[in-house]
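Undergrad: Take this structure, written in structure tokens, and hold onto it; I'll ask about it next.
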Amino acid sequence: MEIDKSSIKRPATDIVQEAAKILKPSIRIESGGIQATKEDVKLLNAFKQSCTSNIRGYSILRKDCNTGERACGGVALLINHSTPFSPVLIRTSLQAVAVQVSIFSTVTICNVYLPPNVPLNFRELQELIDQLPSPFILLGDFNAHHMLWGCQDVNSRGKVVEKLLTELDLTLLNDGSNTYFHSPTQSFSAIDLSICSPSLLLNLTWSVLDNPLGSDHFPVVISYATPIACASIRQPRWKLIRPTGKLSGPKQI
């Protein structure tokens, strides 16, 4: 996907950037069927704690990075009040939070943020995934580079994620589109990944919005087709009529 760099506007203040992230988070999951679009879940990464204290219409599950007001980490899931959900308890040192939601079916959604300056190993991610009830969608800013999902280079994190996809038989929803703009180098990359159980692949549509809305990450949208309720078909009831006379056999000609 070609992205016009001239359309990218850098924020004047951090407040503008954080507000944009709340209104249009890095990843959102919505119904994209015949019905009107409804955002069921929003995912936030690397946000200020004060920015998600109360967002109207959404319940919030979060794991903060306690390093002051600087947006250096933290993850949050915003679940629409109309979407049934239950938190999933996960034990991990990673910045991750998970929830089970009832959308087209019961699905586990896990938001993870992997800071670029913190080493990552395969075992940590595997242990996280082992705690997620299936089927699941694992999403977030992995800071992982690999040509498999559209980056121009491969780093150690990219190799870890590649191994994860191969050995655990997981599906990557990314289509090669860029999801991140690095202002100092004026370059694009795809570091926001969407990984799911193979059984969910046919139910989901993955896309990236062109407008970053003040953030350095382009919003990712994962849509699912809302099933159409079909009227139940009743079994026909046949009325049997008894003959009034005897049935005659075939006539001789």
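The values are calculated or read from the model by the stated rules, or taken from the named source; none is laboratory data. In this text the structure is predicted, and so the values were computed from the model without any measurement. Quick reminder, even Gly has a Cβ in these numbers, built from the backbone with ideal geometry, and neighbours come from all protein chains shown.
Undergrad: Within region 184-232, take every residue that is farther than 29 Å from Lys159 by Cβ and part of a strand (DSSP E or B) and give me the one that is modelled with the highest pLDDT.
TA: My answer is Ser223.
Undergrad: Which residue out of Asn111, Asn143 is buried (at least 19 other Cβ atoms within 10 Å of the Cβ), in a loop (DSSP other than H, G, I, E, B) and within 17 Å of the chain's Cα centre (by Cα)? Lay out the reasoning, then the answer.
TA: Values: Asn111 fails: in a loop (DSSP other than H, G, I, E, B).
Sole residue among the options that is buried (at least 19 other Cβ atoms within 10 Å of the Cβ), in a loop (DSSP other than H, G, I, E, B) and within 17 Å of the chain's Cα centre (by Cα): Asn143.
Undergrad: Could I ask something else about it? Given the criteria under 18 Å from the mean Cα position of the chain (by Cα), of a type in the set (S, T, N, Q) and more than 24 Å from Asp40 (Cβ to Cβ), does Asn178 qualify? Talk me through it step by step, then tell me what you get.
TA: Values: under 18 Å from the mean Cα position of the chain (by Cα): yes; of a type in the set (S, T, N, Q): yes; more than 24 Å from Asp40 (Cβ to Cβ): yes.
Answer is yes for this residue.
Undergrad: Quick check on region 196-206. Is at least one of its residues in contact with a Pro (Cβ under 8 Å, 6 or more places away or on another chain) and of a type in the set (Gly, Ala, Ser)? Break it down into steps so the answer makes sense when it comes.
TA: The first filter runs over region 196-206 and keeps only residues in contact with a Pro (Cβ under 8 Å, 6 or more places away or on another chain), leaving 196-197, 199-200.
Retained after the next criterion (residues that are of a type in the set (Gly, Ala, Ser)): 197, 199.
Within region 196-206 (the criterion being in contact with a Pro (Cβ under 8 Å, 6 or more places away or on another chain) and of a type in the set (Gly, Ala, Ser)), the answer is yes, since at least one residue qualifies.
Undergrad: Give Leu23, Leu43 a once-over and let me know the one that is surrounded by fewer than 19 Cβ atoms within 10 Å (Cβ to Cβ), modelled with pLDDT under 85 and under 17 Å from the mean Cα position of the chain (by Cα).
TA: Leu23
Undergrad: Just to be sure I understand the filter: pairs with C-beta atoms under 6 Å, separated by 6 or more residues or on different chains, first member in region 164-178 and under 22 Å from Ser189 (Cα atoms) and among the polar types (S, T, N, Q), second member loosely packed, with under 15 Cβ neighbours inside 10 Å and modelled with pLDDT under 95. Which pairs pass?
TA: What qualifies is Thr171/Leu201; Ser177/Met1.
Undergrad: In region 114-133, which residue that is of a type in the set (S, T, N, Q) and in a loop (DSSP other than H, G, I, E, B) is nearest to Asp169 (Cα to Cα)? Explain how you work it out, then say what you get.
TA: Narrowing region 114-133 to residues of a type in the set (S, T, N, Q): 117, 121, 126, 131.
If we keep only those that are in a loop (DSSP other than H, G, I, E, B) as well, we get 117, 121, 131.
Numbers: Asn117: 28, Asn121: 18, Gln131: 16 Å.
Filtering region 114-133 for residues that are of a type in the set (S, T, N, Q) and in a loop (DSSP other than H, G, I, E, B), the one nearest to Asp169 (Cα to Cα) comes out as Gln131.
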